[in-house]
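Structure, as structure tokens:
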Amino acid sequence: MSTSASDVYGPIDFVLLEFPADGLTGEAGPALVDLVERGIIRLYDLVVIRKNKDESVEALEVGGPPGSGIDGFAYFAGARSGLLGDEDLRDAAAAMQPNTVAALIVYENSWARPFVAAARDSGGELVASTRIPAADLMQALEDLEPTT
């Protein structure tokens, strides 16, 4: 029996994207909306966290007031699946620097569903997985460039 892409999930990831609190441009929200609307990812959770200079932490209303820099996330207001708990939010806040705002996002790589279904139909099983941070990849590629 063939596995349908709707019967499987793509890889699920979480990211914590930290921004300087005083330098928010609002560009990230619309870029995330684009990924969701094109079906590249399926968003499960989005929580915006502020860590103040005194290291106090607060969860912000997703979207925020116009001009706040987080208003671009308004599309995702209420995007809470229940996968993230209080401990996850504490861990995220602990990783943040003071005077920053971060978006904690859990999403499915839905683009991978057809591949996952085909691999399973062929008897394939995931035995290892890792993520290489973009900064590490860029550095490795730069290191490979010949010097003149």
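Every number in this text was worked out from the coordinates using simple rules, so none of it is lab data. Quick caveat, the model's predicted, so the values are computed rather than measured. Note: ideal-geometry Cβ built from the backbone for every residue, glycine included; neighbour counts use all protein chains shown.
Assuming R0 = 35 Å, can you tell me the calculated FRET efficiency for the pair GLN139 and ASP54, based on Cβ-Cβ distance, to the nearest 0.05? Display every interim value, and only then the final one.
Working: r = 34 Å, r/R0 = 0.97.
Given R0 = 35 Å and the Cβ-Cβ separation, E is 0.55.
Amide H neighbours of ILE41 under 5 Å, counting only residues 5+ apart in sequence or on other chains, H built in-plane at 1.01 Å?
For ILE41, whose amide H was placed from the backbone, the distant partners under 5 Å are VAL36, SER110.
Which one, ALA135, ALA79, ALA119, has the greatest fluctuation when you compute a Gaussian network model over the chain with C-alpha springs under 10 angstrom?
ALA135
Among ILE132, ILE12, ILE105, what is the fewest-to-most ranking by other Cβ atoms within 10 Å? Numbers along the way, then the final one.
Numbers: ILE132 8, ILE12 12, ILE105 23.
Listing ILE132, ILE12, ILE105 from fewest to most nearby Cβ atoms yields ILE132, ILE12, ILE105.
To one decimal place, what Kirkwood hydrodynamic radius in Å is obtained for the chain from all pairs of distinct Cα atoms? Mind showing how you got there, number by number?
Numbers: mean 1/r = 0.0572 Å⁻¹.
Every distinct Cα pair counted, the radius reaches 17.5 Å.
Efficiency by 1/(1 + (r/R0)^6): what FRET value for LEU16 and ARG120, r their Cβ-Cβ distance, R0 = 35 Å, to the nearest 0.05?
Numbers: r = 30 Å, r/R0 = 0.86.
Efficiency, rounded to the nearest 0.05: 0.70.
Which trypsin sites (Lys or Arg not before Pro) in the stretch 1-60 sit in a loop by DSSP (not H, G, I, E or B) and have at most 16 other Cβ atoms within 10 Å of their own Cβ?
Details: sites: ARG38, ARG42, ARG50, LYS51, LYS53; in loops: ARG38, LYS53.
Qualifying residues, ordered by number: ARG38, LYS53.
Using the 10 angstrom Cβ neighbour count as an exposure proxy, how do PHE19, PHE73 rank, fewest first? It would help to have the intermediate numbers written out before the result.
On the way: PHE19 16, PHE73 26.
In order of increasing Cβ crowding within 10 Å: PHE19, PHE73.
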